[in-house]
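The values are calculated or read from the model by the stated rules, or taken from the named source; none is laboratory data. Everything quoted here is computed from the prediction, not taken from an experiment. Neighbour counts run over all protein chains shown; Cβ positions are idealised from the backbone, glycine included.
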Amino acid sequence: MRDRTLEGYWWLPGREDTKIAGILTYDGTDPSLRLLGAFRNESAPDSLPVEPVVSAPLIRGACDGTAVTLLDCRQVQFRNKLGVTDGWRQTLHARLMLVGGIWLDEADEEFFDKIVMGIDHLLPWSNQSGLVRAFEQVNDRSSSVTVSWKPAEALTAHVGDASIQLRLRGVTNEAAHADRTVESLAERADLAVTVPEPRSAWTLIDQWTKPLQDLLTLAADTPCGLHDITLIRTDPPQQSPPDAEAPQGHPVKVEAYFAPLYRAKPDSKAVADHQALFTLKDISFADLLPTWFEMVDRLGPVIGMLLGQRYMARSFMENRLITAVAAAEGLHRRLLPDQTYVSHEQFDAMQAALVKAVAPEHRQWLTSRLWNEPSLKQRLMELVDRLGPEVVHPFIPKANRWARAATEARNVLVHRFDVDPSDDPPTGPVMYALAELTSAMITLSLLQEIGLSTSKLTALANHHQSFQWVREEASKYVPKVFGISA
């Protein structure tokens, strides 16, 4: 989502006769509309001072013939010089900015049935290309190189009633200069999601952009941002001018802009095969997409808790450790929901004996606090067992010690009273090391759920750069976890 500046006239639905000049800007944060005036609250008296509209579900604009719709708008600044109408100034921020195609009638209007998005590193990760290079020796001293682009068949996957395509396109450009002419050929990839029934802009964006962005971030092992988000109505209903900008019967396309979780960096260097944790060489697109979306539903916040640390440039060590351990606990609860501390028979007998030992007036209180759930340390150990010791051993050679250290460090931060007062609180480097060890285990567990083989996971743990720090450096800060005397 590139920076945009649009100048034009703006109005609230139903108030087309009261248009206000203003400038709309987008720089990666919430779209900002600065008005040379203010939207007036119709219920306010005509006398000064003016009472501005402080929020609006929808604002329309026209900028050089282009339709613009702003959704979920709120006032962030208002200035009114008493008695000077020309001095009214209002600034509003919008959660979503839609440019081109059509004006929406309602903020939640179910109009779009397709969303197309570009995501950082999608092209190299796809292992697809339509570029063809031909070399020809002209003579002993020179040769010619021809580069062409041939359309490649889109990869298709189905998730529920939606169809997802990974598409390639070739883009040519010509630039004439005083001393040269430059012809260029670029190849791009995007993901196009088509749904059977029209949905609102936010519904499509919320349902599809974050999961697909997270998939690329996990796979490429680097934060991936969204860019060039387009919402489409493939077969729009008949429109009456001036609401219709596109010719009748043609798809309506609208560019979407909002404050992203992580802003795209399309000009950064592409991730190479050996830098990614996996690519479409390792698993087919048709198998991966339904598996991933099923994981997103089943694992709930776990994926976001893990990858959120990647999207954030910096965070406090305490937050990093607590989030990593909480993500591991949440992962265990969802992957192994039937695990218990002891067998059901043992727990029933133990509960009965404990309840019988207390006064009747305390039995309800005690019963409500007796749970047959694994301890945090048990949960961490069971995740290691599920992943396989051979996968974890390269960076957690003493899994029992890691589970104990992570549990104790978490308890120091969250349940200080549960820890031996003689224990020193963990230092920043120790918290960082434990958080990275825990995150590495979660990452490999997610890759296992995706369907990567044990041999592939073991190779990643032993050789991939993502796990290099925990393999080679973490032992300096948590030597006991590696069986090293402090």
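Structure values in brief
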quantity: Residues satisfying the stated conditions in segment 311-354, i.e. buried (at least 16 other Cβ atoms within 10 Å of the Cβ) and at pLDDT below 80; calculated: PHE347
quantity: Meets criteria (over 22 Å from CYS224 (Cα atoms) and touching a Phe, Trp or Tyr at 6+ places or on another chain (Cβ under 8 Å)) for SER375; calculated: yes
quantity: Elements of type strands (runs of 3 or more DSSP E) in segment 70-140, at least 3 residues being closer than 30 Å to ALA186 by Cβ and in contact with a Leu (Cβ under 9 Å, 6 or more places away or on another chain); calculated: 89-99, 112-119
quantity: Scan of segment 16-59 for residues that are charged (D, E, K, R) and modelled with pLDDT under 90, ordered by number; calculated: GLU16, ASP17, ARG40, GLU42, ASP46, GLU51
quantity: For ALA107: the one exception among (1) modelled with pLDDT under 95; (2) assigned by TED's automatic domain parsing to the domain that holds TYR257; calculated: (2)
quantity: Sole residue being at pLDDT 95 or above, touching a helix residue (DSSP H, G or I) at 6+ places or on another chain (Cβ under 9 Å) and in a strand (DSSP E or B), chosen from LEU280, LEU218, LEU231; calculated: LEU231
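Conditions (1) at pLDDT 90 or above; (2) in a helix (DSSP H, G or I); (3) in contact with a strand residue (DSSP E or B) (Cβ under 7 Å, 6 or more places away or on another chain); (4) surrounded by fewer than 22 Cβ atoms within 10 Å (Cβ to Cβ), marked per residue:
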residue: MET381; (1), (2), (3), (4): yes, yes, no, yes
residue: ILE396; (1), (2), (3), (4): yes, no, no, no
residue: ARG410; (1), (2), (3), (4): yes, yes, no, no
residue: PRO421; (1), (2), (3), (4): no, no, no, yes
residue: PRO425; (1), (2), (3), (4): no, no, no, yes
residue: ALA433; (1), (2), (3), (4): yes, yes, no, no
residue: TRP469; (1), (2), (3), (4): yes, yes, no, yes
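Yes/no per residue for (1) farther than 21 Å from MET295 by Cβ; (2) among the charged types (D, E, K, R); (3) at pLDDT below 95:
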site	(1), (2), (3)
GLY170	yes, no, yes
LEU191	no, no, no
ASP214	no, yes, no
GLY225	yes, no, yes
ALA246	yes, no, yes
